[in-house]
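The values are calculated or read from the model by the stated rules, or taken from the named source; none is laboratory data. Just so it is clear, the model here is predicted, and its values are computed rather than measured. Every residue, glycine as well, gets a Cβ built from its backbone with ideal geometry; the counts of neighbours run over all protein chains shown. Keep in mind that these areas ignore ligands, DNA and RNA; they rest on the heavy atoms of the full protein, side chains included. Shrake-Rupley method; radii C 1.70, N 1.55, O 1.52, S 1.80 Å.
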Amino acid sequence: MSTPLIERLAEAVRDTGRPVTDEDRAELEAFLPLTHLYAQSSGITFDDIRALALAVHALAFVRRVRTAEHLDALDPQLAAEVAPGRMAAVRHLIDSYCTPREFAARETEVLLLALHFEAAAQLQHDTDQ
């Protein structure tokens, strides 16, 4: 059962060198609900553009997990852009997905995902004012 967001993602990347596979869909169906639950519990809403950006990131992430690939470290200063507590919450989200797959995600993955939530929260805050 593919979600509308996964279908939008599949359409968006269809003509790239790496279209969404059945294996990608299955992994996204496991990972994206975790992101949705976190966003919902944090009061964060994603507009269509940010939701698709998160899905593109999620696609790359689940592929990295599947191939045991790790990203290089990012500037630690970027973490200062993230709200207090968000890094720990996103670490829990990522570990919930990665642990059963025997993958230890590095802080880079946590920070990149946390920045998606931070950007959506900031946009929501700016719109509310």
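Filter the stretch 4-47 for residues that are assigned to a helix (DSSP H, G or I), among the β-branched types (Val, Ile, Thr) and more than 14 Å from the chain's Cα centre (by Cα) and give the result. Give the derivation first.
Residues of the stretch 4-47 assigned to a helix (DSSP H, G or I): 4-13, 22-42.
When the remaining residues are screened for being among the β-branched types (Val, Ile, Thr), the result is 6, 13, 35.
Scanning the stretch 4-47 gives a single hit, Val13.
Please enumerate the residues belonging to the stretch 89-123 that are in contact (Cβ under 8 Å) with a residue 60 or more places away in the chain, crowded, with 16+ Cβ neighbours inside 10 Å and under 17 Å from Pro33 (Cα atoms). Let's see the steps before the verdict.
Residues of the stretch 89-123 in contact (Cβ under 8 Å) with a residue 60 or more places away in the chain: 96-97, 113, 116-117, 119-121, 123.
Subset that is crowded, with 16+ Cβ neighbours inside 10 Å: 97, 113, 116-117, 119-121, 123.
Matches in the stretch 89-123: Tyr97, Leu113, His116, Phe117, Ala120.
Filter the stretch 48-77 down to the residues that are under 18 Å from Ala104 (Cβ atoms), part of a helix (DSSP H, G or I) and more than 14 Å from the chain's Cα centre (by Cα) and list them by number.
Result: Arg66, Thr67.
Can you name every residue in the stretch 97-125 that is under 13 Å from the mean Cα position of the chain (by Cα) and over 16 Å from His70 (Cβ atoms)? Working first, answer last.
Step one: filter the stretch 97-125 for residues under 13 Å from the mean Cα position of the chain (by Cα), giving 97-98, 105, 108-120.
Selection gives Ala114, Leu115, His116, Phe117, Glu118, Ala119, Ala120.
Restrict the check to the stretch 100-111 and report whether at least one residue is modelled with pLDDT of 95 or more and under 20 Å from Gln124 (Cα atoms).
Yes, the conditions are met somewhere in the stretch 100-111.
For residues that are assigned to a loop (DSSP other than H, G, I, E, B) and open to solvent by less than 70 Å² (accessible area, probe 1.4 Å), scanning just the stretch 78-88, find the one that is farthest from Ala104 (Cα to Cα).
Our first condition is that a residue be assigned to a loop (DSSP other than H, G, I, E, B); within the stretch 78-88, this holds for 82-85.
Add one more test, that the residue is open to solvent by less than 70 Å² (accessible area, probe 1.4 Å), and what stays is 82-83, 85.
Values: Val82: 21, Ala83: 23, Gly85: 20 Å.
Selected residue: Ala83.
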